[in-house]
């Protein structure tokens with residue numbers, strides 16, 4: 001399987017980082033006068049990659065074919081060393097994305113846990129950078145991902161620059177839900193919606209990355225090919241997907257042990273969604289049909305979902321991960337409505 005690599009836009013051969021971004025770029029061209037774009041849409045649609053593509057488009061020196069992927073500006077953008085491009089992301093997300101621009105080592109400066117917020121010092125640094133002249137004469141672009149990571153003080157600090165950007169500065173912000181942003185931030189941006197690609201496009205992209213059982217992995221990812229690729233790289237294939245409900249019903253947490261708490265919570269929340277859907281006669285969305293209990297106490301499962309949400313809100317708590325996962329699976333097993341299934345033994349998963 002090909003490893004997922006983060007690219008910043010069109011390359012010299014005309015290759016796109018995500019093939020479904022082409023239509024979004026066409027719509028962005030009609031917004032060429034907007035000084036601030038807000039790229040929004042479902043999680044996993046590729047908002048960050050889209051924002052980087054917009055940046056390459058704005059900075060490209062071949063105005064007839066932007067983004068051309070061949071000019072010096074496109075090369076600098078792709079190598080993360082363009083003097084007129086700044087990317088603001090929380091430190092925790094920067095580490096996860098491996099997003100370290102030219103001159104940054106990626107080594108934490110202290111033992112402090114990386115912040116999940118975009119903080120005031122980052123915003124002030126960006127504002128100071130925005131005041132300087134463009135290095136290559138095509139303007140400057142400031143990418144902010146995700147905008148809802150701004151704490152209230154940081155958001156208020158950037159409002160003046162967002163409303164009246166100096167020189168030819170452009171902003172590209174991203175989020176899942178624009179309504180989650182401060183109205184003062186939201187109102188200063190022109191919205192650009194990014195949807196998940198069709199299943200056909202997503203499966204073709206996954207197949208190009210050597211993912212087997214693309215339909216199964218894509219279902220587990222909720223239709224997001226980016227998330228599906230990450231799941232496949234973690235070994236969550238069709239077999240794993242088909243086995244997990246039965247293993248949870250038996251109170252067996254081993255398929256989830258050793259995985260990050262946010263991933264475990266997400267997988268269990270999807271399982272709860274499908275149990276509740278099956279209980280009201282709907283088709284499961286994430287896991288195979290037939291793997292859910294015939295009947296379920298919807299109120300009890302809904303209460304368990306609230307437990308998962310509380311864990312998600314405190315994912316940075318120094319949990320004993322193994323004990324927490326065991327507890328969550330034990331709780332789910334107690335809710336399962338088919339004792340025969342709960343006693344079933346499953347072959348070990350890798």
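Just so you know, all these numbers are worked out from the coordinates, no wet-lab data involved. All of these numbers come straight from a predicted model, not from anything done at the bench. So basically every Cβ, Gly included, is an ideal-geometry build from the backbone, and we count neighbours across all protein chains shown.
Would you mind getting me the FRET efficiency between residue 208 and residue 319? Use the beta-carbon distance for r and R0 = 51 Å, nearest 0.05. That gives a FRET efficiency of 0.85. For a test of the definition: using alpha carbon positions, the gyration tensor, and the 1.5 limit on a/c, classify the stretch 21-193 as rounded, prolate or oblate. Rounded, because the longest to shortest axis ratio a/c is under 1.5.
Rounded to the nearest 10 degrees, the inclination of helix 238-249 to the longest alpha-carbon principal axis of the chain is 50 degrees. Subtracting the Cα-Cα distance of residue 230 and residue 168 from 0.36 nm times their residue separation leaves 18.6 nm of extension gain.
Residues of the stretch 66-99 with an amide N closer than 16 Å to a point placed 7 Å from the Cα of residue 136 along the Cα-to-Cβ direction: 66-87.
How many nm is it between the label spots at residue 79 and residue 96, if each spot is 7 Å from the Cα in line with the beta carbon? So the two model labels end up 3.0 nm from each other.
Between residue 184 and residue 282, the distance separating the two model label sites (each 7 Å from Cα on the Cα→Cβ line) works out to 3.8 nm. The calculated pair-distance distribution of the stretch 234-342 uses every alpha carbon pair, bins of 5 angstrom beginning at 0, and gives 2, 13, 24, 27, 20, 10, 3, 0 percent. Between 0 and 90 degrees, the angle of helix 199-208 with respect to the longest Cα principal axis of the chain falls at about 80 degrees.
For the pair the stretch 179-229 and the stretch 265-313, the centres of their Cα atoms are 22 angstrom apart. Judged by the mean number of other Cβ atoms found within 10 Å, the most tightly packed of the peptides 178-184, 48-54, 72-78 leads the ranking 48-54, 72-78, 178-184. List the residues of the stretch 144-161 whose backbone N lies under 14 Å from a point placed 7 Å from the Cα of residue 120 along the Cα-to-Cβ direction. Zone members listed by number: 151-159.
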